[in-house]
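All of the numbers you see were taken from the coordinates with simple rules; none came from a lab. Owing to the predicted nature of the structure, the values given are computational and were not obtained by experimental measurement. We place every Cβ from the backbone using ideal geometry, glycine too, and count neighbours over all the protein chains shown.
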Amino acid sequence: MSTVDEVREASKKFYAGLNRMANGEKDALAIAWSNNGSVTAMHPIGGREVGWDAVGESFNQVAGLAAEGKIELKDQLIHELRDAAYEVGIEKAQFKLAGQEIKSEHRVTNIYHKENGNWKMVHHHTDLSPAMIEVLQKLQPK
């Protein structure tokens with residue numbers, strides 16, 4: 001199997017976990033991610049998370065509010081760089097967040113690193129989603 005095919009398989013694991021998260025399942029993404037302290041995420045709701053504990057918890061917080069979700073990666077492009085690789089594409093998502101219907105389409109960059117023979121995600125970055133931010137702001141105590 002080529003490196004690009006191996007990374008494509010790692011991406012499938014990530015998006016399978018992302019879909020489980022979008023249907024309310026916590027800890028759905030742990031298998032796809034490196035569990036080290038240097039992983040990062042910049043989510044569609046803003047901010048930056050550093051380290052697996054923070055990244056994993058941020059996904060779990062969304063899982064606690066999410067239901068009926070479907071997230072797909074379209075227009076995928078993968079490049080390899082020895083023991084690292086990145087993919088870019090368009091994430092198309094539809095789900096309920098705190099009971100509110102959300103539809104989004106935004107650019108995404110994912111970076112993978114080969115660890116012990118397996119490709120693991122080390123960075124996830126998407127455009128901001130005004131719809132998600134608006135729903136979450138309504139949930140903030142005033």
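For the stretch 31-46, what are the residues that are within 21 Å of Tyr86 (Cβ to Cβ), touching a helix residue (DSSP H, G or I) at 6+ places or on another chain (Cβ under 8 Å) and either in a loop (DSSP other than H, G, I, E, B) or among the hydrophobic types (A, V, I, L, M, F, W, C) (or both)? Scanning the stretch 31-46 gives Ile31, Ala32, Trp33, Ser34, Asn35, Asn36, Gly37, Val39, Ala41, His43, Pro44.
Using the structure shown, decide if Leu77 is assigned to a strand (DSSP E or B), exposed (fewer than 15 other Cβ atoms within 10 Å of the Cβ) and of a type in the set (A, V, I, L, M). Spelling it out, Leu77 is indeed assigned to a strand (DSSP E or B), exposed (fewer than 15 other Cβ atoms within 10 Å of the Cβ) and of a type in the set (A, V, I, L, M). Per the listing Ala22, Ala32, Ala10, the residue uniquely under 17 Å from Leu136 (Cβ atoms) and small (Gly, Ala, Ser) is Ala22. Residue check: Glu49 meets all listed conditions (1) free of Cβ contacts under 8 Å to residues at least 40 places away in the same chain; (2) among the acidic types (Asp, Glu); (3) touching a helix residue (DSSP H, G or I) at 6+ places or on another chain (Cβ under 7 Å); (4) within 18 Å of Asp5 (Cβ to Cβ) but one, namely (4).
Please verify whether Ala93 is surrounded by 14 or more Cβ atoms within 10 Å (Cβ to Cβ), of a type in the set (A, V, I, L, M), in contact with a strand residue (DSSP E or B) (Cβ under 6 Å, 6 or more places away or on another chain) and under 21 Å from Asn23 (Cα atoms), treating the condition exactly as stated. When the stated conditions are applied, Ala93 passes them. Give the residue that is surrounded by the most Cβ atoms within 10 Å (Cβ to Cβ), with candidates limited to residues of the stretch 1-45 that are among the acidic types (Asp, Glu) and out of contact with any strand residue (DSSP E or B) (no Cβ under 8 Å at 6 or more places or on another chain). Among residues in the stretch 1-45 that are among the acidic types (Asp, Glu) and out of contact with any strand residue (DSSP E or B) (no Cβ under 8 Å at 6 or more places or on another chain), the one surrounded by the most Cβ atoms within 10 Å (Cβ to Cβ) is Glu25. Annotation note: of Lys142, Lys120, the sole residue that is more than 21 Å from Gly24 (Cβ to Cβ), of a type in the set (Lys, Arg) and in a strand (DSSP E or B) is Lys120. From the list Val108, Val62, which residue is assigned to a strand (DSSP E or B), surrounded by 14 or more Cβ atoms within 10 Å (Cβ to Cβ) and of a type in the set (Val, Ile, Thr)? None of the others qualify; the one that does is Val108.
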